[in-house]
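The values are calculated or read from the model by the stated rules, or taken from the named source; none is laboratory data. Note that the coordinates shown come from a computational prediction; the quantities given were computed from them, not determined experimentally. Positions of Cβ are generated from backbone atoms using ideal geometry, with glycine treated the same way; all protein chains shown enter the neighbour counts. Calculation scope for accessible area: heavy atoms of the full protein, side chains included, ligands and nucleic acids excluded. Shrake-Rupley method; radii C 1.70, N 1.55, O 1.52, S 1.80 Å.
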Amino acid sequence: MIQKPKGTYDVFGSYGKNIKYVEKIIEALMQKYNYEYVRTPIFESSNLFHRGVGETSDIVSKETYDFIDRGDRNMTLRPEGTAGVVRSYIENKRYGEASCPIKNWYYGPMYRYERPQSGRFREFYQFGVEVFGSSSPMLDAEVISIPVNLYRILGLKGIKVKINSLGDTETRNNYKEALLNHFKPYLDTLCSDCKERYLKNPLRILDCKVDHDLECMKTAPKIIDYLTEESRKHFDKVQEYLSLLGIDYEVDPNVVRGLDYYTNTVFEVEADIKDFGSNNVLCGGGRYDKLVEILDGPETKAVGFALGFERLLNALEKEEIKLDVDTLDIYIIPMSEKEQAYSYTLCQDLRMNGFSTDIDYMNRNIKGNFKQADRLEAKYIIIIGEEELNNKVLTIKDNRDKKEYKVKEEELIEFLDEVMSEH
């Protein structure tokens, strides 16, 4: 038997319904925020991610799915969404548009070759936003508010925002020197990855999960103490706007994010879920004011975030949150073969009038059909027998309160519109 690749999963049943429900919530939320949908290719030039995500990030150094295509070009399945959206912004010259800021949202599959575990897959889905053209701290706060409000809408409790600032270039250079001096005496105690990070990008040491509990990690200098005056003012304003939006937050100097392109504001959104461990971090992002230039575009301020779909759905399941997914409006039961043609036509008419409708295709008996209607969570059942066929007066059963109605065929749509609106 051929099986799915390791680190992937199939979608069907209630899980698929939950996915589509959350997708609809996201789409409606993005419309409220006036963000525009953008989609980029699943595979791009490997150089895009090596330059954009950063050679020293674990994603590029260990986890990308790279391949050489038939044109002898180095290609990579996208490991994250930002670099591709930035490439699209530059290639399509969107920096020339007058309607700044350019506010985008995306949703789609990403690929990383990492060890599959709870909440982590090799093929996974991300929802994210990218905003170009403004350095306003109001946008930082707005971007942070999007996942917070999404989690609130879905019913997650205990949402906590952790923010930090990585400052500007001057801040990073001064802080890098401080980290080199701090970790130098402890090099022998660090893991092999951190020894390499020490040489290439010491800031990444702080994001290490292996050495996280070492004393030298706890006593490392904090980047917030090295912020320039301009970066500090920006960070203070972000906090002010978060407060205006009613968003509780905590300044956490350990939030550095795993990608090299971040500058100034970085953040993570956590949920307080029992026994969820590191999966409590549901979302992360920040400002990346240099990335457009790194990828050969003009100087452009930018901010965004991404959240993992699988981890979000896992969190909802852990919290036993039942989503209000759409169920079947109407299930039609023809009592015998004689009523099938009429029932089949009625099914089509109801669908074209906006009602989700299904019909018995298995020639079940009446008891079996009622069970099927329950399995499909049908709101109403229409029973078509010889009497209904001859008189064109339909028997309709409310499958929730079990009330029965007799409705003339020509009044059916009006009746269904009325009763559906009451629930």
Original post:
Which pairs have Cβ atoms under 9 Å, sit 6 or more apart or on different chains, and link a residue in the range 327-339 that is under 30 Å from K20 (Cβ atoms) and touching a residue at least 24 places away in the same chain (Cβ under 8 Å) to one that is open to solvent by 30 Å² or more (accessible area, probe 1.4 Å) and assigned to a strand (DSSP E or B)?
Top reply: L328/D358; I330/D358; Y331/D358; I332/D358
Subject >> Subset of the range 214-257 (residues that are open to solvent by 60 Å² or more (accessible area, probe 1.4 Å), within 29 Å of G158 (Cβ to Cβ), among the hydroxyl-bearing types (S, T, Y) and in a helix (DSSP H, G or I)) >> reply: S243
Original post:
Just to be sure, is G84 at pLDDT 95 or above, open to solvent by less than 30 Å² (accessible area, probe 1.4 Å) and closer than 17 Å to L295 by Cα?
Top reply: yes
**OP:** With the condition kept exactly as written, say whether any residue in the range 91-112 is crowded, with 21+ Cβ neighbours inside 10 Å, touching a residue at least 12 places away in the same chain (Cβ under 8 Å) and more than 22 Å from L312 (Cβ to Cβ).
**Re:** no
**OP:** Mind listing whichever residues of the range 1-44 are open to solvent by 90 Å² or more (accessible area, probe 1.4 Å), charged (D, E, K, R) and within 25 Å of V325 (Cα to Cα)?
**Re:** D10, K17, K20, K24, E27, K32
Original post:
Taking the stated definitions as given, is Y241 in contact with a Pro (Cβ under 7 Å, 6 or more places away or on another chain) and modelled with pLDDT of 95 or more?
Top reply: yes
**OP:** Taking only the range 338-347 into account, find how many residues are under 18 Å from A378 (Cα atoms) and open to solvent by 90 Å² or more (accessible area, probe 1.4 Å).
**Re:** 1
Original post:
Can you tell me which residues in the range 137-164 are out of contact with any strand residue (DSSP E or B) (no Cβ under 9 Å at 6 or more places or on another chain) and part of a loop (DSSP other than H, G, I, E, B)?
Top reply: G155
**OP:** Count, please, the residues in the range 360-377 that happen to be open to solvent by 90 Å² or more (accessible area, probe 1.4 Å) and within 33 Å of the chain's Cα centre (by Cα).
**Re:** 2
**OP:** Starting from residues that are assigned to a loop (DSSP other than H, G, I, E, B) and in contact with a Cys (Cβ under 9 Å, 6 or more places away or on another chain), keep the ones in the range 168-213 and report whichever is surrounded by the fewest Cβ atoms within 10 Å (Cβ to Cβ).
**Re:** V210
Original post:
For the range 262-292, which residues satisfy the criterion of being open to solvent by 10 Å² or more (accessible area, probe 1.4 Å), at negative phi and touching a Leu at 6+ places or on another chain (Cβ under 7 Å)?
Top reply: Y262, T263, E270
Original post:
Quick check: is even one residue across the range 350-359 open to solvent by less than 50 Å² (accessible area, probe 1.4 Å), touching a strand residue (DSSP E or B) at 6+ places or on another chain (Cβ under 9 Å), in contact (Cβ under 8 Å) with a residue 40 or more places away in the chain and under 21 Å from E418 (Cα atoms)?
Top reply: yes
Subject >> Search result, residues across the range 377-398 that are part of a loop (DSSP other than H, G, I, E, B) and either in contact with a helix residue (DSSP H, G or I) (Cβ under 6 Å, 6 or more places away or on another chain) or closer than 18 Å to S343 by Cα (or both) >> reply: A378, K379, G385, K392
**OP:** Report the residue count in the range 304-326 for those that are assigned to a helix (DSSP H, G or I) and either closer than 25 Å to T265 by Cα or at pLDDT below 90 (or both).
**Re:** 3
